[in-house]
Amino acid sequence: MNEAQLVFYHLGVALAIGLLIGTERGWQEREAKEGERIAGVRTFGLIGLLGGVLALLAEQFGQLVLGLGFVGLAGAVAAIYVVNLREGNEDVGMTSQVSALLTFAFGALAAMGEAAVAAAAAVVTTLLLSAKPVLHRWVGALEAGELQAVIKLLLISVVLLPILPNQGYGPWQALNPYAIWWMVVLVATISFIGYFAIKIAGARRGTIFTGLFGGLASSTAVTLHFSRVARAGKVPPAMLATGILLACGTMFPRMLLVGSLVNPQLFAQLAWPAVVMGVLTYGGALFYWRASARQDSEGAAPLQNPLELKTALAFGSLLALIMLLSKALRQWFGEAGVLALAAASGVADVDAITLSLARMSSEDLAVPVAVTGIVIAASVNTLVKGGMAAFIGGRPVGLRVAGPLLAAVAGGLTTAWLWVW
């Protein structure tokens, strides 16, 4: 593509961006009379093209040309807004005016050679503009406590997490502030997602969503959240047992995937224990899912607090203790303590020890030892989650999850012993 063709291409993208946003704006104002619309398809198309042309001129005559063009357009848009206000139109908003300025900026960006970025931003802008009814409905349904929970979650994740040092401190450099706080954020996020999943989709479908997708991140966090919900006594135990078992079952294929990505040689020996444990756990979830279909869940409600921050902080403290203990065992027992280390690490997390053993097995650790260690860690973690459900969630939930989880542990350890050794 020669230089002339490239210029026409960039201007074409700038024009297309304006037409795209203009189409959405024109559709939103389709019932307005002729002359009452702030801008339509043609105007937005010309604004996008104007941004592209001025960006090209700025390459020859300086960036001041583009800046003055943007200021001029902003002045015109502001004048239109003032005229609408003076005419007594109390419902006039600034959405179309801001959209016009964005269209100009996207057109200029396309002409500067960033056509893909400009087009993607224009599509997202159009999607956001068209989602007005949905967004307004969500905001209208948002309660004060839920809004505060959103702000708190953003504070601990977007503000605090990035500034924490990602390195070890303390004995054996075992305590990593970033890793510990990441788990705090994860637990709080799972609690937050579970709250809105149950509120929006209902108790039965919300537990399925949270169990499956939350289990991909942390089955322990999901178990902790549903156990807290069970203590509130507002959701049938069979539904919560379904969510816990789905989350726990999701851990096993995730474990297989994580280990195999680091060392593909693990797949052949780790697959069978992971499949057996997953099938037994998912089987229990299916049983309780069918049982919960016969229960009335219309009145079910999630926790009153959508962000269990105190629980997440307590979990982070527990994780710090386990990280310190795991390092100590490794220092005290060396290579002979690999399986003990796996059991200790499995109390809090499976992914960390899975990654560690998989990496070691690709160097100097025997594959059967690595596979056995991973299965032991998963078994210990499964037992911990069963105990968590019983002690925090109470007897009704604890008894329901105990059978499938104990069966998964027994099946996984037996399969590992027979298949690997």
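Every number here is computed from the coordinates shown, using simple stated rules; none is lab data. This one's a predicted model, so the numbers in the text were calculated from it and none came from an experiment. Here the Cβ is made from the backbone with ideal geometry for all residues, glycine too, and neighbour counts use every protein chain on show.
Ranked highest first by the average count of other Cβ atoms within 10 Å around their residues, in what order do 378-389, 257-268 fall?
Values: 378-389: 22.3, 257-268: 16.9.
Order by mean packing, descending: 378-389, 257-268.
Can you tell me which of 51-61, 238-248, 126-136, 104-114 comes out highest on packing, and rank the rest after it, using the mean Cβ neighbours within 10 Å?
Values: 51-61: 18.8, 238-248: 30.4, 126-136: 12.1, 104-114: 23.7.
Going from most to least packed, we get 238-248, 104-114, 51-61, 126-136.
Take the Cα of residue 286, step 7 Å toward its Cβ, do the same at residue 161, and the gap between the two points is 3.5 nm.
What is the extension gain from residue 399 to residue 151, computed as 0.36 nm multiplied by their sequence separation minus the C-alpha to C-alpha distance, in nm to one decimal? Don't skip to the end; give the middle numbers.
Values: separation 248, 0.36 × 248 = 89.28 nm, distance 3.68 nm.
Between residue 399 and residue 151, full extension yields 85.6 nm more.
Between residue 127 and residue 82, the modelled labels are 3.8 nm apart [label points 7 Å from Cα along Cα→Cβ]. Taking the Cα centre of segment 3-138 as origin and assigning +1 to Lys and Arg Cβ atoms and -1 to Asp and Glu Cβ atoms, the resulting dipole is close to 180 debye. Between the beta carbons of residue 257 and residue 169, assuming R0 = 30 Å, the FRET efficiency works out to 0.45 to the nearest 0.05. Projecting the Cα positions of 382, 416, 392 onto the charge dipole of segment 349-421 (unit charges on Cβ atoms of Lys, Arg, Asp and Glu, taken about the Cα centre) puts 392 furthest along the positive direction.
Let me know the shape class of segment 218-290, please: from the alpha-carbon gyration tensor, a ≥ b ≥ c as square roots of the eigenvalues, rounded when a/c is under 1.5, otherwise prolate if a/b is greater than b/c, or oblate. Verdict is oblate for segment 218-290. FRET efficiency for the pair residue 234 and residue 6, taken as 1/(1 + (r/R0)^6) with r the Cβ-Cβ distance and R0 = 60 Å, rounds to 0.45.
Each peptide among 406-412, 151-157, 118-124 gets the average number of other Cβ atoms lying within 10 Å of its residues, and from highest to lowest they stand as 406-412, 118-124, 151-157.
Just list whichever of 132/234; 132/310; 234/310 have alpha carbons separated by over 30 Å in the model shown. Write out the running numbers ahead of the final one.
Numbers: 132/234 33 Å; 132/310 35 Å; 234/310 21 Å.
Pairs exceeding the cut-off: 132/234; 132/310.
The label point for residue 27 and the one for residue 42, both projected 7 Å from the Cα toward the Cβ, are 2.1 nm apart.
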